[in-house]
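Student: Submitted below is the structure of interest, expressed as structure tokens.
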Ligand code: MG
């Protein structure tokens, strides 16, 4: 069993005055959430344990409270003490290996996690590192002075991986001494540490400049696209209002069914869920659950968007076709696109809404109901 131990007990307020650094949003998701998701979804990782400051519980719940995680471990006065407490908490769980990671490195890639995990098959400890390429000089009287050799220097990153028992014992023996990372703790106890290639994009976010840099990295990263499809039908009822794509037709009979029966939003929700292969609307909101009776279907759409964001996805475009004889959609089309723009956070030139009749044929032609088709395109970070 291989567990990721994520350290988020830092007090750093250089990123934002109103919250600790692990909880600052990075392109829409808290830094800690990005770090946790990187490990939680990794096939080589069996579980994730987070260590936090006891005063940050509220932030923790907001950031990752909905994910399947064990309760957080309360950290100590230093990073080293927090790591030791995290390891002690894992001791009873039979972990064979542990990957200790700083929450402040949210851009850790799946490939890097895999490299560290694979190195642990052959070594008791392995950590990612990068060579130093810049010339290093000593600061002498406030000015650049003598050059230092960079030949034998490494910049250490996380996750640092260890055979569980050996790092737990090393931490116990080194308690009270001061090491800036877990490799330092291991080395002090004579554990041999291997290194694997780190990644420049695995930046540690400690200043507002780092945060902007990380945002630029995310924006510039290569992305792949996935397309999801959704379809839904609802039968007409006797009473108004009809709600289509978030727009109400007060004088037209409405539709029967789940929630406000917004057939267009249901098809669109299914299409977005499909981009992350997360089932359909009924998987997440069972139709027999009375809570959703008459509910605004925007609620379902928001849930699908949250699942998409968690998967690292970004919605790029949607295309919806409504199939109905009446009412005419044309006069309300722009209102629908404006409402969808609000709900989806997309500009209207990426929101296509079309409508057609079915020439009097079939159940749509007989005016018995409305059908909707939707296609959603989302982009995802590669790797
Ligand atoms: Mg439906």
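What follows draws every value from the coordinates through simple rules; no lab data is involved. Note that the structure is predicted; figures quoted are calculated from it, not measured. Positions of Cβ are generated from backbone atoms using ideal geometry, with glycine treated the same way; all protein chains shown enter the neighbour counts.
Student: Can you give me the C-alpha center-to-center distance between segment 263-312 and segment 144-216, rounded to a whole angstrom?
Tutor: About 42 Å separates the Cα centre of segment 263-312 from the one of segment 144-216.
Student: Expressed as cubic angstrom per residue, what is the convex hull volume of the alpha carbon set of the chain?
Tutor: 177
Student: Please give the helix 164-174 orientation as an angle from the longest Cα principal axis of the chain, in degrees from 0 to 90, rounded to the nearest 10.
Tutor: Once rounded, the angle reads 50 degrees.
Student: Grab the beta carbon distance between residue 361 and residue 290, set R0 = 56 Å, and tell me the FRET efficiency rounded to 0.05.
Tutor: 0.95
Student: A further question follows. Can you give the extra length, in nm with one decimal, that the chain gains between residue 55 and residue 27 once fully stretched, where that is 0.36 nm per residue apart less the Cα-Cα distance? Before the final figure, lay out each step's value.
Tutor: Values: separation 28, 0.36 × 28 = 10.08 nm, distance 2.48 nm.
Extra length available between residue 55 and residue 27 comes to 7.6 nm.
Student: At 222 nm, what helix-only mean residue ellipticity would the chain give, in deg cm²/dmol to the nearest 500, using -39500 (n - 2.57) for each DSSP H run of four or more? The partial results should precede the final answer.
Tutor: Working: 12 runs with 117 residues, N = 383.
It comes out at -9000 deg cm²/dmol, rounded to the nearest 500.
Student: Moving to a separate point now. Can you tell me how much longer the chain between residue 11 and residue 238 gets when fully stretched, taken as 0.36 nm per residue apart minus their C-alpha distance, in nm with one decimal? It would help to have the intermediate numbers written out before the result.
Tutor: Working: separation 227, 0.36 × 227 = 81.72 nm, distance 5.92 nm.
In short, 75.8 nm is gained.
Student: For helix 263-275, what angle does its Cα long axis make with the longest principal axis of the chain, in degrees from 0 to 90 and rounded to 10?
Tutor: Here the helix axis deviates by roughly 30 degrees.
Student: In addition: Please give the contour-minus-distance gain from residue 81 to residue 46: 0.36 nm per residue of separation, less the Cα-Cα distance, rounded to one decimal in nm.
Tutor: Separation in residues times 0.36 nm, less the Cα-Cα distance, equals 10.2 nm.
Student: If you don't mind, there's one more thing I want to ask. Test of understanding: in a Gaussian network model of the chain with alpha carbons linked when under 10 Å, which of 365, 246, 145 would top the mean-square fluctuation ranking?
Tutor: 145
Student: Something else now. By how many degrees, between 0 and 90 and to the nearest 10, does the Cα long axis of helix 298-310 differ from the longest principal axis of the chain?
Tutor: It works out to around 30 degrees.
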